[in-house]
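Trainee: One structure follows; several queries about it will come next.
The values are calculated or read from the model by the stated rules, or taken from the named source; none is laboratory data. Keep in mind it's a predicted model, so treat the numbers as computed, not measured. Cβ placement follows ideal geometry from the backbone for every residue including glycine, while neighbour counts extend to all protein chains displayed. Note: areas computed on protein heavy atoms with side chains; ligands, DNA, RNA excluded. Shrake-Rupley method; radii C 1.70, N 1.55, O 1.52, S 1.80 Å.
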Amino acid sequence: NMELKLWLLVLLLAIGSVTLRAEDDEDDIVEDDDETAVESEREPEPSPPPAPKVTYKAPVPSGEVHFAESFDKGTLEGWVVSRAKKEDTDEDISKYDGKWEVEEMRETNLAGDKGLVLKSRAKHHAIAGILKRPFVFDTKPLILQYEVNFQNGIECGGAYIKLLSKTKDLVLEKFYDKTPYTIMFGPDKCGEDYKLHFIFRHKNPKTGEYEEKHAKRPDVDLKTYYSDKKTHLYTLVLNPDNSFQILIDQTVVNSGNLLEDMTPPINPAQEIEDPDDQKPEDWDERPKIADPDAAKPDDWDEDAPAKIPDENAMKPEGWLDDEPEYIADPDAEKPEDWDEDMDGEWEAPQVSNTKCESAPGCGQWKVPMIDNPDYKGKWKAPMIDNTNYQGVWKPRKIQNPDYFEDLHPFKMTPFIAVGLELWSMSSDIFFDNFIITTDKAVADQWGNDGWGLKKTAEGAAEPGVVGQLMSAAEERPWLWVIYILIVALPVFLVIVFCCTGKVGSQKCRFSKPCRTFQQEEFCKLVLAEQDVTGLTEGSFQYVIASKLHA
């Protein structure tokens, strides 16, 4: 019975395989012989039903903000395009002459939803906007949020923003790579290196100098956010207790603490190695030394070779000593333009000697070399523990003269503007819905009204799973066979392995007694509850009768 089941399963799979192969062959024949005719006779495919329409409404901040920009006015009003030049760069590539435009995404499902678009490829871009008022780091958190869509993907370039420090020298028309900033945040990619920057410039309280501090890298794989050509929402939350969170699409992808998760650390080491300390000349760092009392054994032969000829080897029968392994190509001809004065004497290229193909070898036979069993190599004294070992020398520790302790790195330099200073090998990078606030709920609502609406529109435009399967089957009809097998195979297996099992077989064997007693349902219950394997029909009738009288 089990063997029959296995044969049925193999037969079903074989039928499916043959059907698939037949479908492929049929497709190849149609494409090779009658492609034009089929295309002309094919009925026009019905167009898919229109996606549910999502109406765009510009987001409006639900609370207090320092900066909010949706670009839905369709202009760069409030923004300043930089006309600066990079320093220490060739004149022809030093200008910030990349183009910026305010426009809709190319494949938008939200008419009227505009954003800021980096238009130029392989150029420097810089643009900035002033906040309503400076952001001062005191007792409230900082929430920075904006959207990015790499409409053409991203080869090498960034889409990060800079929060420009409040300084007396800040001129947005001269905004460039060396303009002081407080925070830099956002995606950046080159090659296969996918980054999500969070960098802030920390002021040394002793020297007044600034040093960049980089957050640890996220543990999640960022590749999808750079390659799927969808709009993604980037959020930085920085709290007065020095904790931070980085979110993509309202999901935390990185978190930590400014005092513990930045590189280099906020606070320097309290002790450092003494730069003036030097290792003593007699300091012994060798844990092992050669045994001074060891001597080379008398029978140690340092001159014995590592390999020796195999004395038992014999030249194979049929070896062609007089035939070279390679010969000049007899069919080769000197090129007509060969100049022996310039190119030297022409020689035909070497090819394998065909006479050697059927022989064990050609040319001079040489005895093969084997390992020398008497080889010992150069003698070396064995190593022993060094009784004078003092360990690895390290300079002594001294107090760090530059030590300081800043327990509140959250209190950064106030900033007054938001800027994009970028270079990219990809064009049409779409930015939208910038917001800077101290209220996470305000940023969340702004994100739902902007990015959330885009996400809804993108989802409405995409076919569901069933729709995608149907579309694929329309293009490749042989997929229907796979769909049927996927659905039918589990049903078939259930029938074979369950419905033809023990109870079912008993039902077949004892169908006559069940009819005799006119108690079919009762008979089925008996079969399901009691093992009647090996019973004759007469014995089974007795069991049924006993159950009925009980």
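Trainee: Looking at residue 241 and the list (1) more than 25 Å from residue 446 (Cα to Cα); (2) in contact (Cβ under 8 Å) with a residue 24 or more places away in the chain, which single condition is not satisfied?
Mentor: Every condition holds for residue 241 apart from (1).
Trainee: Just to verify a result, which residue in the stretch 370-392, among those that are under 18 Å from residue 289 (Cα atoms) and part of a strand (DSSP E or B), is least open to solvent (accessible area, probe 1.4 Å)?
Mentor: Residues of the stretch 370-392 under 18 Å from residue 289 (Cα atoms): 378-392.
Subset that is part of a strand (DSSP E or B): 383-385.
Values: 383: 118, 384: 62, 385: 101 Å².
Ranking the candidates gives 384 first.
Trainee: Kindly establish whether residue 231 is surrounded by 17 or more Cβ atoms within 10 Å (Cβ to Cβ), touching a Ser or Thr at 6+ places or on another chain (Cβ under 7 Å) and of a type in the set (Val, Ile, Thr).
Mentor: So residue 231 does not fit the description; no.
Trainee: Out of all the residues in the stretch 244-264, which are in a loop (DSSP other than H, G, I, E, B), in contact (Cβ under 8 Å) with a residue 24 or more places away in the chain and over 16 Å from residue 143 (Cα atoms)? Steps first, answer last, please.
Mentor: From the stretch 244-264, those in a loop (DSSP other than H, G, I, E, B) are 249-250, 258-261, 264; that's our starting set.
Checking the rest, the ones that are also in contact (Cβ under 8 Å) with a residue 24 or more places away in the chain come to 249-250, 258-259, 261, 264.
Those that are in a loop (DSSP other than H, G, I, E, B), in contact (Cβ under 8 Å) with a residue 24 or more places away in the chain and over 16 Å from residue 143 (Cα atoms): 259, 261, 264.
Trainee: If you check residue 22 against the conditions, is it surrounded by 15 or more Cβ atoms within 10 Å (Cβ to Cβ), aliphatic (A, V, I, L, M) and either at negative phi or modelled with pLDDT under 65 (or both)?
Mentor: no
Trainee: Cβ-Cβ under 9 Å, sequence separation 6+ or interchain: first residue in the stretch 81-97 and at negative phi and among the basic types (Lys, Arg), partner open to solvent by 40 Å² or more (accessible area, probe 1.4 Å) and part of a loop (DSSP other than H, G, I, E, B). Which pairs?
Mentor: Going by the 9 Å Cβ cut-off, the qualifying pairs are 83/97; 85/176; 86/176; 86/177; 86/178; 95/83; 95/86.
Trainee: Let me ask something additional. In the list 147, 155, which residue meets the criterion of being under 31 Å from the mean Cα position of the chain (by Cα) and open to solvent by 40 Å² or more (accessible area, probe 1.4 Å)?
Mentor: The match here is 155.
Trainee: Residue under question is residue 258, and the condition is that it be open to solvent by less than 30 Å² (accessible area, probe 1.4 Å) and either of a type in the set (Asp, Glu) or under 30 Å from residue 104 (Cβ atoms) (or both); does it hold?
Mentor: Numbers: open to solvent by less than 30 Å² (accessible area, probe 1.4 Å): yes; either of a type in the set (Asp, Glu) or under 30 Å from residue 104 (Cβ atoms) (or both): no.
Taking the combined requirement at face value, the residue does not satisfy it.
Trainee: I would also like to ask the following. Pick from 154, 199: which is out of contact with any His (no Cβ under 6 Å at 6 or more places or on another chain) and either modelled with pLDDT under 95 or more than 30 Å from residue 110 (Cα to Cα) (or both)?
Mentor: Just one listed residue meets the conditions, 154.
Trainee: Now for a separate question. Can you spot a residue in the stretch 134-141 that is at pLDDT 95 or above, open to solvent by less than 10 Å² (accessible area, probe 1.4 Å) and β-branched (Val, Ile, Thr)?
Mentor: For the stretch 134-141, residues at pLDDT 95 or above, open to solvent by less than 10 Å² (accessible area, probe 1.4 Å) and β-branched (Val, Ile, Thr): absent.
Trainee: Name the one entry in 437, 413 that is more than 30 Å from the chain's Cα centre (by Cα), under 22 Å from residue 248 (Cα atoms) and modelled with pLDDT of 95 or more. Can you show your working first?
Mentor: Values: 413 fails: under 22 Å from residue 248 (Cα atoms).
Answer to the check: 437.
Trainee: A follow-up question, please. Condition first: under 35 Å from the mean Cα position of the chain (by Cα), outside any helix (DSSP H, G or I), within 30 Å of residue 477 (Cβ to Cβ) and at pLDDT 55 or above. Can you find one or more residues in the stretch 51-64 that meet it?
Mentor: Yes - at least one qualifying residue is present in the stretch 51-64.
Trainee: Right, something else. Which of the numbered conditions does residue 270 fail, given that it passes all the others? Conditions: (1) at pLDDT 95 or above; (2) among the polar types (S, T, N, Q); (3) over 27 Å from the mean Cα position of the chain (by Cα).
Mentor: Just one mismatch for residue 270, condition (1).
Trainee: Any residue in the stretch 193-220 that's touching a residue at least 24 places away in the same chain (Cβ under 8 Å): show its pairings with residues that are surrounded by fewer than 16 Cβ atoms within 10 Å (Cβ to Cβ) and of a type in the set (S, T, N, Q) at Cβ separation under 6 Å, as long as the two are six or more apart or on different chains.
Mentor: Correct list of pairs: 214/263.
Trainee: Next up: Which numbered condition in (1) under 29 Å from the mean Cα position of the chain (by Cα); (2) open to solvent by 50 Å² or more (accessible area, probe 1.4 Å); (3) at pLDDT below 65; (4) not aromatic (Phe, Trp, Tyr) is the only one that residue 474 fails?
Mentor: Among (1) under 29 Å from the mean Cα position of the chain (by Cα); (2) open to solvent by 50 Å² or more (accessible area, probe 1.4 Å); (3) at pLDDT below 65; (4) not aromatic (Phe, Trp, Tyr), residue 474 violates only (1).
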